[in-house]
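Only one structure is covered here, and it is reproduced in the block below.
Bear in mind that the values in this text are calculations on the coordinates, not laboratory data. In this text, all values refer to a predicted model and were calculated from it rather than measured experimentally. Glycine gets a Cβ as well: all are built from the backbone with ideal geometry, and neighbour counts include every protein chain shown.
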Amino acid sequence: MDLSKLIKNIDAIEVLNFKDIDIKGISYNSNTINSHEIFVCLKGEHVDGHDFAQSAFEKGAVALMCERPLNIEIPQIIVKSTQESIADLAAAFYHNPSLSLNLMGVTGTNGKTTVAHLVQKIFEENNKKCALIGTLGYKLASKDDYLEAKHTTPQAPQMQETLQKILKADVLNVITEVSSHALEQFRVKNCNFSLAIFTNLTQDHLDYHITMDNYFNAKAKLFKGLKEGAGAVINMDDKYAKKLIDVVPQGVNVITYGVKNKADLMAKNVEFMSDGVSFDVVYKEKSLNFKLHLNGMFSVYNCLAAIGAGLFNGIELEVIKSALEETKSVAGRFEIVRTNPMVIVDYAHTPDGLENILRAARELTPKDGNLICLFGCGGNRDCTKRPKMGKIAQQLCDKIIITSDNPRSEDPQQIITDILSGLALINPKTVFVESDRHLAIKLLKDISSENDVLVLAGKGHEDYQILADRTVHFDDREEVVKVFGE
């Protein structure tokens, strides 16, 4: 694409050394840049892309987008914010694919991945293709393997490129997870969402957002950007629901859902069983019983969110029921790895997420069995949630093991100390500490019996452990098999 066409709608402060050259791609990483690409100098938390512009030029960059003039004799588009302008650049380069797609976004602290997968299943049950973009990667159909993703929501160029690939594959429906970071960092700017889904808002990412108000405002951007005729599916039982509804533009169709508070779409007569959950879905005077293979009250809410998405898209409730009743758990989301004892692996890494998972696991714990939880907290992340998670684990479990979970550059022992500060009493018979996660799982076997239910929380689908100086392969599910056997 000619540079003049690419930057036609960019709000540039000035353009230096202009020459209308052919641009073959967009890059913000000097290590992976290809010849004839434009290099965007992004300013991140730890590095400044401007410092790598010379290296990018030497490796083939033919133009720069930056926030200040640089001493490099190639075209430079000077903008106020490269983080925002890269989204405009990406939309132009990939020809705004979302304008031709039914693009649905799901946001919230917990449940995004599960809801996205459920929505995909619902569309497929209705004989409509639906692509998925999220934490586990992206894929064109539920049967496909995931293609790797480094973020819950890809950076703007990858997001637009992925949407273009989906469109070229003749898949017209897309469900994507939308993180608060993505909304704050303009990764989904110029994405035309036809539907926004809100699961919940509880404490997470305060290392980045600082306050819950900032966190809410980030999530709310997805809804504020909806256009007339679009839809919003909102969890009425969440305390931020009414505040969120207030920012939804006029002309947007709102479907609320809930279990406790009055909503358009409700689950009633909820009954938990050893192999799943049963509840009646009530919508517009119609009631239909659902029997799912998923477990826990959080699964009821996730299903209601997905049902709301299906209803907004004109899919019959009977079709939705068929899709959800066939669905098994999503990888790393309340995934039962083995039985006798029952071992559950889950991604829960927030106070609310941990509480939801443990309450669901308690429902499966025999009267003569113990509920035991192994968990840690990530390093270089919101440290205020650590004692809260410790308190929740102690209150809801018979025994707990506190260990490491991606400590990054922090001292694992300090993270554990922060968690322990939330405990009312440290009883050596019920509270165990082992910073090595592999050894902690061995310890889990030693302190458990066949009637117990064991929850490994925090890592879920992740197959790595981020340490101070390296990232190593580590998968809770694999470790369980090693320690406990198949």
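Taking every C-alpha pair closer than 8 Å and separated by at least 6 residues, the mean separation divided by the residue count of the chain gives a relative contact order of 10 percent. Work out the charge dipole of the chain with +1 on the Cβ of Lys and Arg and -1 on the Cβ of Asp and Glu about the Cα centre, then indicate which of H438, S404, L172 is farthest towards its positive end. Going by the charge dipole, the pick is L172. Only Lys, Arg, Asp and Glu carry charge here, each on its Cβ (+1 for the first two, -1 for the last two); on that basis the chain has a dipole of about 900 debye about its Cα centre. Derived scalar couplings between HN and Hα for the stretch 9-24 equal 9, 7, 7, 8, 6, 6, 10, 10, 6, 4, 8, 7, 9, 7, 9, 9 Hz in order, rounded to whole Hz, by the Karplus curve 6.51 cos²θ - 1.76 cosθ + 1.60 (θ = phi - 60°), x for Gly and Pro. Taking label positions 7 Å along the Cα-Cβ direction at both R338 and H473, the computed distance is 1.9 nm, reported to one decimal. Please name whichever of H36, H50, A61 sits farthest to the positive end of the charge dipole of the stretch 3-86, dipole taken about the Cα centre and charges placed at Cβ: Lys and Arg +1, Asp and Glu -1. Of H36, H50, A61, it is H36.
Decide, for the stretch 231-388, between rounded, prolate and oblate: order the square roots of the alpha carbon gyration tensor eigenvalues as a ≥ b ≥ c, take rounded if a/c falls under 1.5, and otherwise choose prolate if a/b is larger than b/c, else oblate. It comes out oblate by the Cα gyration axes. Note on N261 and K128: with the Förster distance fixed at 41 Å, the Cβ-Cβ geometry gives a FRET efficiency of about 0.85. Fully extending the segment from E363 to N71, taken as 0.36 nm per residue of separation minus the present Cα-Cα distance, adds 98.7 nm.
Computed from Cα atoms, the angle from the helix 112-125 axis to the main principal axis of the chain rounds to 90 degrees.
Based on DSSP, what percent of beta bridges with both residues in the chain are antiparallel, to the nearest 5?
Bridges in the chain are about 35 percent antiparallel.
Relative to the dominant Cα principal axis of the chain, helix 385-396 is inclined by about 20°.
For the chain, the spread of Cα coordinates along the three principal axes comes to 76, 56, 39 Å, biggest extent given first. A crude spin-label estimate for the pair N380 and H181, with each label 7 Å from Cα along the Cβ direction, gives 1.0 nm. Cβ-Cβ distance of V319 and T430, R₀ of 41 Å, FRET efficiency by 1/(1 + (r/R0)^6): the value works out to about 0.30.
Extension gain, S278 to A169, is 35.5 nm, computed as 0.36 nm per intervening residue step minus the present C-alpha separation.
What the pair-distance distribution of the stretch 277-320 shows, using all Cα-Cα distances binned every 10 Å from zero, is 27, 61, 13 percent. To the nearest ten degrees, helix 297-312 and the longest principal axis of the Cα atoms of the chain are 40 degrees apart. Checked against a 21 Å cut-off, the cross-linked pairs K143/K291; K367/K391; K112/K459; K219/K385; K221/K242; K112/K221 give Cα-Cα distances beyond that limit for K143/K291; K367/K391.
Model label sites at E45 and D246, defined 7 Å from Cα along the beta-carbon direction, differ in position by 3.0 nm.
Dipole magnitude for the stretch 266-340: about 160 debye, using +1 per Lys or Arg Cβ and -1 per Asp or Glu Cβ, origin at the Cα centre. Extension gain for the segment L147 to N9, taken as residue separation times 0.36 nm less the Cα-Cα distance, is 46.5 nm to one decimal.
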